[in-house]
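The structure appears right after this line, and notes come after that.
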Amino acid sequence: MPIWFNKSLTLEQIKSLTPHTMNEWIGIELIELGEDFLKARMPVDHRTKQAYGMLHGGASVTLAETIGSIASVMIVDPEKFYCVGLEINANHIRSARDGWITGIARPLHIGNSTHVWDIKMENDQGKITCVSRLTVAVLKITGL
C-alpha cells in the first residue's frame, strides 16, 4: 500500500509542482515514484560543479532536500498541512565530474509533526556519492 496521501498519485502530478523552482534551474528531474520512495536525478554540469570541476557538495544537499521535501508534501493532506525542511546532513563519499547523480528518498519515520528521510545518491556507475538524512517539519495550515 502506498504511503502517499493520494493513493493514485502519479509522477506527472508531482512534476507539475517543480516548474520555476531551483529544481528547474539546476536540472533536477523527478524520475520514479514507488509505493514508499521518490527518485530523482541531477546533472553534473556547469550548474552543479564547484571550482575544481567536481560536483559541488551543496548541489548534492539540494538534490537530497528536494526529494525528501517533495515526498513529505505527498504524504500529508495538502488542505491541512504543509512541510518544510528542519534539518539536513550529508556525508560526501565520492565526487563526480560528469554524468548524472541519482537520488532516492525512503522514509525512516513518518510522524504527525515530523518526517525523517534517508536519501542515498549514486553516480552513473552505481557508486554512492552522498548519503543524507533530512528531517521535515509538518505544519498545520492556520485559519482552518
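Summary table
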quantity: Inter-residue pairs, beta-carbon under 9 Å, first basic (Lys, Arg) and in the stretch 1-26, second at pLDDT below 95, 6+ apart; calculated: Lys7/Met1
quantity: Check on Ala71, of a type in the set (Gly, Ala, Ser) and in contact with a strand residue (DSSP E or B) (Cβ under 7 Å, 6 or more places away or on another chain); calculated: yes
quantity: Residue within the stretch 82-99 that is closer than 22 Å to Glu35 by Cα and outside any strand (DSSP E or B) present; calculated: no
quantity: Restricting the stretch 100-144 to residues that are in a loop (DSSP other than H, G, I, E, B) and small (Gly, Ala, Ser), the residue that is surrounded by the fewest Cβ atoms within 10 Å (Cβ to Cβ); calculated: Gly143
quantity: Matching residues, the stretch 25-34, being exposed (fewer than 15 other Cβ atoms within 10 Å of the Cβ) and either in contact with a Phe, Trp or Tyr (Cβ under 8 Å, 6 or more places away or on another chain) or over 22 Å from Asp118 (Cβ atoms) (or both); calculated: Trp25
quantity: Lone unmet requirement of (1) over 18 Å from Glu122 (Cα atoms); (2) assigned to a helix (DSSP H, G or I); (3) not charged (D, E, K, R) for Ile67; calculated: (1)
quantity: Close pairs from the stretch 50-67: first more than 12 Å from Asp98 (Cα to Cα), partner assigned to a helix (DSSP H, G or I) and charged (D, E, K, R), Cβ under 9 Å, at least 6 apart; calculated: none
quantity: Check on Asp36, within 24 Å of Lys140 (Cβ to Cβ) and in contact (Cβ under 8 Å) with a residue 60 or more places away in the chain; calculated: no
quantity: Contacts under 6 angstrom Cβ, first residue in the stretch 82-94 being free of Cβ contacts under 8 Å to residues at least 12 places away in the same chain and loosely packed, with under 12 Cβ neighbours inside 10 Å, partner assigned to a strand (DSSP E or B) and of a type in the set (Phe, Trp, Tyr), 6 or more apart; calculated: none
quantity: Some residue of the stretch 102-124 being over 20 Å from Glu29 (Cα atoms), among the charged types (D, E, K, R) and touching a strand residue (DSSP E or B) at 6+ places or on another chain (Cβ under 9 Å); calculated: no
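The values are calculated or read from the model by the stated rules, or taken from the named source; none is laboratory data. Everything numeric in this text was worked out from a predicted model, so none of it was measured. A quick note on method: Cβ atoms are made from the backbone with ideal geometry, for glycine too, and the neighbour counts reach across all protein chains shown.
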